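A.B. asks: Can you read through this structure? Questions will come right after.
The values are calculated or read from the model by the stated rules, or taken from the named source; none is laboratory data. Worth saying up front: this structure is predicted, and the values here are computed from it rather than measured. Note that each Cβ is placed from the backbone with ideal geometry, even for glycine, and that neighbours are counted across all protein chains shown. The accessibility values were calculated without ligands, DNA or RNA, using every heavy atom of the protein model including side chains. Shrake-Rupley method; radii C 1.70, N 1.55, O 1.52, S 1.80 Å.
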Amino acid sequence: MSTATVRGRSRAGWNLLGFLVFVVAGFPVYWMLNTAFKPAKDAIDPDPSLLPTGFTLSNFRRALDIADFWGPVGRSLVVSLAVVAIGIVVGMLAALAISRFAFRGRKIVIVGILAVQMVPLVAMIIPVFLLLNDLDQYDKLSGLIITYLTFILPFTVWTLRGFIVNIPRELEEAAMVDGCSRTGAFVRVVFPLLAPGMVATSVYGFIQAWNEYLYALMLLSQKNQTATVWLGNFTTKHGTEYAPMMAGATMMAVPIVALFLLVQRKMAAGLTAGAVKG
């Protein structure tokens with residue numbers, strides 16, 4: 001058997017595996033869209049069809065009518081954007097300090113960042129609730145933002161640290177020799193090279209904050225609910241309205257898809273930029 005034949009079969013095998021992964025990962029999204037646009041009675045059919053059986057927009061109208069939609073979506077956007085903005089600034093400064101400066105307790109800080117990410121979020125719900133209640137931050141978006149930062153910041157710091165480590169110190173030193181201060185060297189040299197990594201990290205933080213459900217449910221009242229909690233309105237004592245729920249989930253996915261389409265090139269570069277050194 002020739003080498004070309006072996007390579008061809010190997011490539012075909014990898015292509016088949018990639019296609020199977022795509023089908024498994026993409027089927028839930030397809031089923032969500034299929035259910036969102038099909039008549040409500042077909043969504044609860046005990047013998048469902050894999051192919052669309054009809055097309056209607058009534059599920060979207062029902063989703064918008066069952067409860068306030070724009071209020072929860074607006075609150076989710078405020079929380080997610082605030083978490084990303086604060087997290088990327090604080091995380092970048094912390095990652096820069098860990099990567100570029102030697103100080104006492106540096107290794108302890110790094111181990112602590114890793115340890116925080118290992119704690120299950122559900123284990124912290126009661127302490128967080130009591131703390132926010134004592135700080136008068138219960139049922140406030142600011143309290144939810146602070147809570148989200150506690151588990152998004154460690155990932156942000158750790159990820160950006162990997163990107164900064166991959167940027168040679170010599171570039172900063174050369175800029176400083178040419179007359180730049182340390183801050184000027186960072187702004188003119190490191191920051192542009194770090195931009196793809198910041199984009200990738202920001203997208204992750206946005207998705208985490210946008211999709212979080214447990215803390216939003218426990219820390220906010222019904223009048224301040226976010227978009228994920230809003231989806232729970234479709235489950236009542238009479239059952240679950242699956243078609244309108246899928247329509248609501250489809251509308252909730254639009255900001256994530258739009259964000260990804262806007263930054264996909266930077267995100268692809270960022271995901272690979274920090275994969276060499278740690």
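A.B. asks: Could you check the range 112-161 and list, in sequence order, the residues that are open to solvent by less than 70 Å² (accessible area, probe 1.4 Å), over 20 Å from G87 (Cβ atoms) and either touching a strand residue (DSSP E or B) at 6+ places or on another chain (Cβ under 9 Å) or among the β-branched types (V, I, T) (or both)?
C.D. replies: Residue satisfying the conditions is I125 alone.
A.B. asks: Would you pick out the residues in the range 179-225 that are of a type in the set (S, T, Y) and open to solvent by less than 20 Å² (accessible area, probe 1.4 Å)?
C.D. replies: T201, Y215
A.B. asks: Here is a list: R106, R62, R100, R75. Which entry is charged (D, E, K, R), within 24 Å of the chain's Cα centre (by Cα) and either open to solvent by less than 80 Å² (accessible area, probe 1.4 Å) or under 29 Å from K223 (Cβ atoms) (or both)?
C.D. replies: Every option except R75 fails the conditions.
A.B. asks: Right, next: Among the helices (runs of 4 or more DSSP H) contained in the range 177-278, which hold 1 or more residues that are modelled with pLDDT of 85 or more and under 17 Å from the mean Cα position of the chain (by Cα)?
C.D. replies: 191-211, 214-219, 227-230, 242-273
A.B. asks: Sort out which residues of the range 86-97 are within 15 Å of the chain's Cα centre (by Cα) and either crowded, with 23+ Cβ neighbours inside 10 Å or farther than 14 Å from Q208 by Cβ (or both), and write them in order of number.
C.D. replies: G87 - this is the single residue of the range 86-97 that is within 15 Å of the chain's Cα centre (by Cα) and either crowded, with 23+ Cβ neighbours inside 10 Å or farther than 14 Å from Q208 by Cβ (or both).
A.B. asks: Oh, and also: Can you name the residue in the range 38-51 that is outside any helix (DSSP H, G or I) and under 30 Å from the mean Cα position of the chain (by Cα) and, of all such residues, is nearest to M245 (Cα to Cα)?
C.D. replies: K38
A.B. asks: Return yes when Y242 is among the aromatic types (F, W, Y), over 20 Å from L121 (Cβ atoms) and open to solvent by 50 Å² or more (accessible area, probe 1.4 Å) and no when it is not.
C.D. replies: So Y242 passes the test.
A.B. asks: Could you pull out the residue among T35, T5 that is part of a helix (DSSP H, G or I) and either exposed (fewer than 10 other Cβ atoms within 10 Å of the Cβ) or at positive phi (or both)?
C.D. replies: T5
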